[in-house]
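The values are calculated or read from the model by the stated rules, or taken from the named source; none is laboratory data. No experiment lies behind these values; they were computed from the predicted model shown. Glycine gets a Cβ as well: all are built from the backbone with ideal geometry, and neighbour counts include every protein chain shown. When the accessible area is computed, the model is the full protein with side chains, heavy atoms only, and any ligands, DNA or RNA have been set aside. Shrake-Rupley method; radii C 1.70, N 1.55, O 1.52, S 1.80 Å.
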Amino acid sequence: MFSLFKKYDVGIFEYLYMFVMVIYLGQMTPQTGRMVGTISGDPVPFLLPIVLTVILVFKNPISFLNRRLTFVLIIFAIWSILTIEQYHLFANNELSYYFFLFYSIIVAYIHIQVFGKKLLPIYEDIVVKLCAFSLLLWTWSYFDSSSIPFFKQFDQTSYGNNFYYLFNWMDPSGDQVYEGIPRNAGFSWEPGRFSICVVLALLCNIARNGITFLNFNVLVMLAAIASTLSTTGYVATGVLYIIAFSHKLNTQKTLLFFFILVPTLIGVSQLGFMQKKIEEQLSVETNLKQLEKTFNYNTENADEGEYLASLERFTAMYFEWDNVRDKPILGYGRNPENSYFYEEVSSNFALTGGLVKLLAQYGIPLGVFLYFLLLISSFRLNKDFPEVSKVGLFFTFIVCSISYAMFTIPIFTAFWFYGIFYKDEKEEEEKKKERITSEEIMKILQKALK
């Protein structure tokens, strides 16, 4: 760990700060979900990252007089005012959703200004350590049944028990088990969400080192992704490497790679748990009548607004398009309770995924603008780290967003805005040298007129 401090010029506080932010990124419990949740509730988990971020800025002074930051904040301020006024969202709980929007943007800006390029190795290093720790506990819990009483003594989470926010043990009696194998949720509330955090760290490794499998960090991250048994994690990893290989190989080698990859992907899809998950997704997608019966049953047997379950990703995407069509310009805003789905279809289900949700929440104009900023960041990452493809970050986020919302979660948002917020000081100095001052222009004109 200390060699990392020296190599990347990172202080102990800065490293521990990012460690805490990664734990909050996992959102294992309602407490660590407070960076994107509501203001009401226990103030300690809400204030902890804020206080640490303030200390970070005091230790690493940065300027907030940044034209690009101001531009982004003005764009979102205009959108916020229009949606609040349009839909009369003046209650405190409604306004808190907008607070977290600006909160995530400002924290993302701070991360980029303080850490810059060092954000990638620090994030990767922390995730690798958490992956290694989770693999040890996951292996123990799988092979030793006597571990069950040990884990059950800790606080419960949605699917298991919280081991000091470092490992979310999945209860074998729950539904996070495939073919008798409990899934590894790592430091997150759910295995799939853990997998996309690891995939981003894998992207950081490729950006710094290129494609290599004889690397401890890569082996640990791939093992962690494999242990999640997550279709999202597997597909995102596959897409990441397809793009990475396409970026580095010539046409002939790329075709050979696809010749090897396609049968491999077919073989993986034939695994028992993968077949089961794919069939579940397709059956829900093609049988909306069954889903309608579920809505009708829960409407009759549950209180209005009582949360019962989240819809599967493709079904959720279908209904998010209804939300887009209902309010295409401004979107339904930050609170899903103002969406067409919640008001007209069911108030008892949440829509997962973030790919279409971004357009549904923020409207088509702002949603497209956000995806444009993500593409700019992907290009900028390639400029700073040529080993990664120009579209590597973009498509990694796109694939992960099919299942999970990523925007407005501070670390994800930092990568999302990397291209617009990051400024290379050497690059800026070179640009200044190339600029001709007004005085120099006047001297040139005077000489020309003589």
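For the stretch 349-360: of the residues being open to solvent by less than 30 Å² (accessible area, probe 1.4 Å) and of a type in the set (A, V, I, L, M, F, W, C), which is nearest to F319 (Cα to Cα)? By that ranking, first place goes to L351. The condition of being of a type in the set (A, V, I, L, M), open to solvent by 10 Å² or more (accessible area, probe 1.4 Å), modelled with pLDDT of 85 or more and closer than 24 Å to G233 by Cβ holds for only one of I411, I420, I398, that being I398. Out of everything in the stretch 33-49 that is over 15 Å from the mean Cα position of the chain (by Cα) and buried (at least 19 other Cβ atoms within 10 Å of the Cβ), what residue ends up being modelled with the highest pLDDT? Top of the filtered list is P49. Considering (1) surrounded by 15 or more Cβ atoms within 10 Å (Cβ to Cβ); (2) aliphatic (A, V, I, L, M); (3) at pLDDT 90 or above, the lone condition that V10 does not fulfil carries the number (3).
Looking only at residues in the stretch 361-394 that are open to solvent by 50 Å² or more (accessible area, probe 1.4 Å) and outside any helix (DSSP H, G or I), which one is nearest to Y87 (Cα to Cα)? My answer is K390. Scanning the stretch 147-171 for residues that are crowded, with 16+ Cβ neighbours inside 10 Å, at pLDDT below 90 and part of a loop (DSSP other than H, G, I, E, B) gives T157, Y159, D171. Among the listed residues I74, I105, I81, which satisfies the condition of being in contact (Cβ under 8 Å) with a residue 40 or more places away in the chain and assigned to a helix (DSSP H, G or I)? The match here is I105. Here the condition is being within 18 Å of I409 (Cα to Cα) and open to solvent by 10 Å² or more (accessible area, probe 1.4 Å); of I106, I112, it holds for I106 alone. Sub-8 Å Cβ pairs linking a first residue in the stretch 200-224 that is touching a residue at least 12 places away in the same chain (Cβ under 8 Å) and over 14 Å from I243 (Cβ atoms) to a second residue that is open to solvent by less than 10 Å² (accessible area, probe 1.4 Å) and in a loop (DSSP other than H, G, I, E, B), at least 6 apart or interchain, are A224/N184; A224/G186, ordered by first then second residue.
Does S141 qualify as being touching a Leu at 6+ places or on another chain (Cβ under 8 Å), small (G, A, S) and assigned to a helix (DSSP H, G or I)? Break it down stepwise before answering.
Values: touching a Leu at 6+ places or on another chain (Cβ under 8 Å): no; small (G, A, S): yes; assigned to a helix (DSSP H, G or I): yes.
For S141, the condition - touching a Leu at 6+ places or on another chain (Cβ under 8 Å), small (G, A, S) and assigned to a helix (DSSP H, G or I) - is not met.
Restricting attention to the stretch 78-94, the residues being modelled with pLDDT of 85 or more and among the aliphatic types (A, V, I, L, M) number 4.
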